[in-house]
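Remarks on the structure that follows.
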Amino acid sequence: MAFSREVYAQALAELESRRGKASARAAAFRERMIREIPRLGEIEKAMAQSSTKVVRAILDGGNIEPTVDRIKTENLALQVEMSMLLREHGETAVNFEPQYTCPACEDTGMANGKRCACLEALLQEISCRTLSELSSMRPTSFDELDLTAYSDRPEGRNAISPRARMREVIGYCRLYAEEFDGQDNSLLLTGPTGVGKTHLSLAIAGAVMAKGHSVVYGPVQKLLHRLEKEHFGRAEGNSEDIMTACDLLILDDVGTEFSGSFYTSALYNIINERMLEGKPTIISTNLSPKELADRYGDAIASRIVGTFHPLVCAGGDIRLLKMKQSLV
Ligand SMILES: [Zn+2]
């Protein structure tokens, strides 16, 4: 996938910061160890002098082999002493060297003359984050979902309370996010306005991102509007590629976007392409299966209803309820 110059610049800056931190950690470790075990400073100095000794032996002429062998033996003894001293303090000499986030490329982004996998992942993650930030929605956590906001009085024919239902739905979503590996089911979150569908989607986004996966989330209206602007040359970018390639795509409030053939076909293409590649999508909507079919046509509705795992959210508008509670 092609990435914009800004995305590259951000990724390279992040790699530079990782390198800087790794070097700073190593330097701080070395300083602390020498302060705690002064003998380490002497050992380091002695080892640094070995190369000078070798150069001097060469300049003196004659057979340098015995001298080099002696210096090697001395160095080895110093290294052993250093390791033992560190071990006595529960430390290891490895930390004297910078410990990079990615040992394969030492946080340079290039390994074996190619773009390293860590840089690929970083570019993907930054593109997704940038696109998601357009929506001004922020990932949140499951712990912020307040079950007491839902009625515990059984409702409807199933005689199950909204609270009990939401407990099940939240439990499912939590497990989904915890076990997410990029090959999971797609989810269809339905239910009336204000019952917490967006909050649930954003909690999944937060948990899946924390596991290191790339996630694009946002109201479908904003994401498709962005895509439309790019398509007709009013903005630069490759939102469609990013929405297709990310590990998890979360389309919030499907059905509230402007209706029109561009939006419908863009939505269909993205959902279809992700499905073909086995990538999961989460859709939240107020629409019933019949309303989905009426609005988008049977092809897209049957794809969603037939293959997405349905989760029905229940309850009154908890935003209204919370607003009322805060007024009391
Ligand atoms: Zn790397």
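Counting only pairs 8 or more places apart or on different chains, how many lysine pairs in the chain have C-alpha atoms closer than 19 Å?
Number of lysine pairs found: 6.
Given Cβ point charges of +1 (Lys, Arg) and -1 (Asp, Glu) and nothing else, what value in debye, to the nearest 20, does the dipole of the chain about its Cα centre take?
Charge dipole, the chain, about its Cα centre: 580 debye, nearest 20.
Each label point is 7 Å from the Cα along the Cα-to-Cβ direction; what then is the distance between the points at residue 211 and residue 81, in nm?
Reported label-point gap for residue 211 and residue 81 is 5.1 nm.
Can you classify the stretch 5-110 as rounded, prolate or oblate using the Cα gyration tensor, where a ≥ b ≥ c are the square roots of its eigenvalues, rounded means a/c under 1.5, and otherwise it's prolate if a/b beats b/c and oblate if not?
Taking the square roots of the gyration eigenvalues as a ≥ b ≥ c, the stretch 5-110 is oblate.
Please check the chain for the longest run free of GluC sites (Glu not before Pro) that are loop-located per DSSP (anything but H, G, I, E, B) and have at most 11 other Cβ atoms within 10 Å.
So the longest stretch without any such site is 1-178.
When the accessible area of the stretch 5-110 is split by element with a 1.4 Å probe, what percent falls to carbon and sulfur? Please report the intermediate quantities before stating the final value.
Numbers: 4010 of 7200 Å².
Using a 1.4 Å probe with all protein chains present, the stretch 5-110 comes out at 56 percent carbon and sulfur.
So what are the ³J(HN,Hα) numbers for the stretch 65-76, from phi and the Karplus equation (6.51, -1.76, 1.60; θ = phi - 60°), rounded to whole Hz, Gly and Pro as x?
Per-residue couplings from phi come out as 3, x, 5, 4, 4, 5, 5, 4, 4, 4, 4, 4 Hz.
If one puts a single equal scatterer on every Cα of the chain and applies the Debye formula without solvent, what log₁₀ I(q)/I(0) results at q = 0.06, 0.10, 0.14 Å⁻¹?
Treating every Cα as an identical point scatterer, log10 I(q)/I(0) equals -0.38, -0.73, -1.10.
So what is the accessible area of the chain per residue, in Å², with the probe set to 1.4 Å?
With all protein chains present, the chain gives 56 Å² per residue.
Note down the nm distance, to one decimal, between modelled labels 7 Å out along Cα→Cβ at residue 8 and at residue 133.
According to this spin-label approximation, the distance is 1.9 nm.
Normalising by the residue count of the stretch 5-110, find the relative contact order in percent from Cα pairs under 8 Å and 6+ residues apart.
Numbers: 59 pairs, mean separation 51.0, N = 106.
Normalised by residue count, the contact order of the stretch 5-110 is 48 percent.
Please compute the net charge surrounding residue 134, taking Lys and Arg as +1 and Asp and Glu as -1 over other residues with Cβ under 11 Å from its Cβ.
+3
Helix 220-231 versus the longest principal axis of the chain: what is the Cα-based angle in degrees, 0 to 90, to the nearest 10?
That works out to roughly 70 degrees.
With a point put 7 Å past each Cα toward its Cβ, work out how far residue 307 is from residue 261 in nm, to one decimal.
Roughly 2.5 nm, to one decimal.
The values are calculated or read from the model by the stated rules, or taken from the named source; none is laboratory data. All values derive from a computational prediction rather than experimental measurement. Here Cβ is always computed from backbone atoms with ideal geometry, including for glycine, and neighbour counts include all displayed protein chains. Side chains included, ligands, DNA and RNA excluded: accessible areas come from the protein's heavy atoms. Shrake-Rupley method; radii C 1.70, N 1.55, O 1.52, S 1.80 Å.
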